[in-house]
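Trainee: The structure that follows is given in the form of structure tokens.
The values are calculated or read from the model by the stated rules, or taken from the named source; none is laboratory data. None of the values given here were measured: they were computed from a predicted structure. Backbone-built Cβ (ideal geometry, glycine too); neighbour counts: all protein chains shown.
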């Protein structure tokens, strides 16, 4: 697990809202305080979906950031800088399995439920915390270190300077 701070909050927010850099990530939950408080549960509401849409979201528990981003973008365009914002992104099942398969022969035996990236904005600075949601306790931190390196590469690829705190 790492705690990082964005060197340039405005640049980070522009990448988050205006580029496709984060679009592949799933939004687990989000809250934002502007004129009023918004909360988003990223869980897919299957009852809302048509039969065709259910096939699109087959085996997906959470909606991707690309689907939520236009809504959030429209809120941010209509208001001042949020006083606070919290987001939790998770990797999709395929990416989770891909990471595990690089380090373990039998992915289904490893106790990882998900890889997380928490983003918090307190009105001044933006911080990112990485983490792993384990199904059971483990002393092995190799996946955490590997995921932290991948997140570092992701920020570097997207030209986001992050400072480790």
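Trainee: Given 19, 73, which one is touching a residue at least 24 places away in the same chain (Cβ under 8 Å) and touching a helix residue (DSSP H, G or I) at 6+ places or on another chain (Cβ under 7 Å)? Break it down stepwise before answering.
Mentor: Numbers: 19 fails: touching a helix residue (DSSP H, G or I) at 6+ places or on another chain (Cβ under 7 Å).
Sole residue among the options that is touching a residue at least 24 places away in the same chain (Cβ under 8 Å) and touching a helix residue (DSSP H, G or I) at 6+ places or on another chain (Cβ under 7 Å): 73.
Trainee: Let me ask another. If you go through the stretch 47-65 one residue at a time, how many are in contact with a strand residue (DSSP E or B) (Cβ under 8 Å, 6 or more places away or on another chain) and not in a helix (DSSP H, G or I)?
Mentor: 5
Trainee: Turning to a different aspect of this structure: Which is more than 21 Å from residue 41 (Cα to Cα) and not in a helix (DSSP H, G or I), of 139, 117, 87, 150? Steps first, please.
Mentor: Details: 117 fails: more than 21 Å from residue 41 (Cα to Cα); 87 fails: more than 21 Å from residue 41 (Cα to Cα); 150 fails: not in a helix (DSSP H, G or I).
That would be 139, the only listed residue that is more than 21 Å from residue 41 (Cα to Cα) and not in a helix (DSSP H, G or I).
Trainee: Looking at residue 49 and the list (1) surrounded by 13 or more Cβ atoms within 10 Å (Cβ to Cβ); (2) touching a residue at least 12 places away in the same chain (Cβ under 8 Å), which single condition is not satisfied?
Mentor: It is condition (2) that residue 49 fails.
Trainee: Hey, another quick one. Pick out the one residue from 64, 23 that is within 13 Å of the chain's Cα centre (by Cα) and either surrounded by 15 or more Cβ atoms within 10 Å (Cβ to Cβ) or farther than 17 Å from residue 119 by Cα (or both).
Mentor: 64
Trainee: Here are the criteria: (1) surrounded by fewer than 15 Cβ atoms within 10 Å (Cβ to Cβ); (2) in contact (Cβ under 8 Å) with a residue 24 or more places away in the chain; (3) not in a strand (DSSP E or B). Tell me which single one residue 163 does not satisfy.
Mentor: It is condition (3) that residue 163 fails.
Trainee: Let me ask you something else. Can you tell me which residue within the stretch 74-84, out of those that are surrounded by 13 or more Cβ atoms within 10 Å (Cβ to Cβ) and not in a loop (DSSP other than H, G, I, E, B), is modelled with the highest pLDDT?
Mentor: So, considering only residues that are surrounded by 13 or more Cβ atoms within 10 Å (Cβ to Cβ) and not in a loop (DSSP other than H, G, I, E, B), the one modelled with the highest pLDDT is 84.
Trainee: Right, something else. With 99, 163 as the choices, which residue is over 13 Å from the mean Cα position of the chain (by Cα), more than 16 Å from residue 22 (Cβ to Cβ) and modelled with pLDDT of 95 or more? So that I can check it myself, show each step before the final result.
Mentor: Working: 99 fails: modelled with pLDDT of 95 or more.
Just a single option satisfies the conditions, and that option is 163.
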